[in-house]
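Report on the structure given below.
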Amino acid sequence: MESLKEKTAKGLFWGAMNNGTVQVLNIVFGIFLGRLLTPADYGIVGVLTIFTLIAGNLQSSGFSQALVNLNPPTHRDYNSVFWFNVIASLCIYAVLFACAPLIADYFHQPCLVAVSRFVFLGFVISSLGIVQNAYMIKNMMNREIAIIGFIALLISGITGIILALNKMAYWSLAWQQIVYITVMNIGRSFYTRWYPSLHIDFGPVRHMLPFSVKILVTNIINTISTNILTFIFGRLFPIKEVGNYTQAYNWDAKANSFISGTLMQIAQPVLASLNDERQREQRIFRKLMRFTAFLSFPVMLGFMLVAHEFILLTIGEQWTDSIPLLQVLCIGGAFVSFYALYQNLAISSGRSDIYMWCNIAQIVLLIALILLLHSRGMFTMVCAYSLFTILWLAVWQRFAHRLIGLRLWETLKDILPFFLISAGVMAVTWLLTRPIANLWLLLISRVLVAAVLYVGIMWLLRVEIFKECIQFIKKKGRVSDLNETAKA
């Protein structure tokens with residue numbers, strides 16, 4: 001138990017380091033590019049996101065998760081999945097290359113023919129690194145993942161800024177994506193030292209197929225669910241308005257992916273190692289839920305609090321229309337990270353059927369809701385989307401009860417206090433800082449006041465998850481000091 005606890009703690013630490021540094025860089029590059037590019041530029045690349053992600057889902061076909069679930073996967077397993085990914089990606093790219101004119105016609109943007117054919121090269125390149133990524137997740141190489149992500153984002157971000165300065169407009173965003181994927185693949189190969197062999201055997205792929213197909217369908221459904229608004233907006237509204245939504249969505253994603261990205265790196269391998277120990281699995285799952293609530297609610301509700309001054313100070317008044325959209329998305333985004341836990345619980349339990357059907361029902365109802373409200377405008381549709389995202393967690397909770405016996409009142413007991421404390425802290429902070437007129441002073445004051453209040457309440461209430469985080473950080477500091485002393 002101590003070994004698993006330590007492994008999980010290290011995984012969370014390096015996952016947080018990875019996602020924290022990545023999001024800091026994302027913020028920096030997002031500010032630069034937001035000032036250099038227009039809403040229309042973001043709209044052009046933003047409408048292609050759903051095609052790129054679905055193609056990526058088809059290319060990996062759920063075999064990455066299947067590899068992580070194997071105990072242990074062999075070189076034959078990895079090699080089989082690698083060649084399947086490569087062949088599938090080439091076939092899909094050929095189809096999308098031919099469909100580029102249809103995509104451009106759907107969104108009324110002729111430039112999308114050339115841009116889409118270039119952007120879609122990304123998932124062909126990414127197919128070369130999917131297996132190495134699964135290997136790193138399986139072996140919880142979170143430190144190495146953090147290093148790779150930092151370097152890839154740094155190089156790709158600099159590339160995007162240089163191209164934007166040279167008036168490359170939306171092409172700077174397209175090149176940024178391609179460079180990021182390429183550098184990630186190079187880093188994965190360097191750390192894993194795993195290389196494919198020319199002996200192609202699809203036997204392991206056929207063996208994983210029943211499990212992986214359900215993961216594939218669900219991944220596609222998830223992709224549609226998270227990008228459906230961009231797809232619909234691209235057809236119904238001017239490209240500038242789509243760009244405003246894309247900017248709001250990107251900032252929301254930057255914030256909530258810090259938590260969900262951290263959890264995704266450790267949730268499945270940890271839960272997969274416990275799927276034959278129901279009571280222990282429930283205990284660890286609840287602890288992960290508390291950790292998620294501890295981070296997600298203050299981060300997302302805090303971002304909603306400062307969204308107005310943050311957008312105006314960083315990327316400028318040209319993005320004012322994105323502010324109310326971002327604030328609404330932050331409310332729903334506060335709950336998005338819990339999806340990562342519920343979904344990985346189903347996958348690690350071998351119940352990819354639950355994972356699939358729950359997501360299919362979600363997207364069917366979501367599309368129906370959005371189409372019903374499309375005449376009421378973009379803001380109303382975004383509000384409905386965020387509310388639905390929160391309410392659908394009740395369905396996942398029902399399945400968690402079936403899998404590990406987790407009751408609704410136990411879940412509420414774990415997460416509701418953090419929500420109420422976070423909401424209260426943001427309300428008090430808003431009241432205290434409301435008279436401040438200067439935007440810089442307002443932003444800094446709200447961040448500091450909210451942070452002090454939240455940490456102070458956690459300390460006064462002696463919240464267990466807070467104490468464990470502090471103890472782990474202190475332990476890391478002591479280990480670091482000992483290492484430095486030993487070197488000296």
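Read-outs: derived from the displayed coordinates by stated rules, not from any lab. Only a predicted model underlies this, so the values are computations on that prediction, with no experimental measurement involved. Glycine gets a Cβ as well: all are built from the backbone with ideal geometry, and neighbour counts include every protein chain shown.
Brief remarks follow.
- Distance between the pseudo-spin-label points of residue 27 and residue 459 (7 Å out from Cα toward the beta carbon): 2.2 nm.
- Additional length obtainable on full extension of the chain from residue 155 to residue 317, 0.36 nm per residue less Cα span: 55.5 nm
- Added length on full extension, which subtracts the Cα-Cα distance from 0.36 nm per residue, residue 410 to residue 105: 104.7 nm
- The stretch 130-181: trypsin sites (Lys or Arg not before Pro) in DSSP loop, at most 11 other beta carbons within 10 Å: 167
- Distant alpha-carbon pairs in the stretch 96-209 (separation over 24 angstrom), percent: 43
- Close amide H pairs (under 5 Å, H built 1.01 Å from N) link residue 406 with 401, residues at least 5 positions away or on another chain.
- Distance between the stretch 288-332 and the stretch 118-144 - C-alpha centres, whole angstrom: 29
- What the phi angles of the stretch 24-38 give under the Karplus curve with 6.51, -1.76 and 1.60, with θ = phi - 60°, is a coupling list of 4, 5, 4, 5, 4, 5, x, 5, 4, 5, x, 7, 8, 10, 9 Hz, glycine and proline written as x.
- Using θ = phi - 60° and Karplus 6.51 cos²θ - 1.76 cosθ + 1.60, couplings along the stretch 78-94 (whole Hz; Gly, Pro as x): 4, 5, 4, 5, 4, 5, 4, 4, 5, 5, 4, 5, 5, 5, 5, 4, 4
- 20 Å reach of a label modelled at residue 367, 7 Å along Cα-to-Cβ, counting backbone N of the stretch 116-143: none
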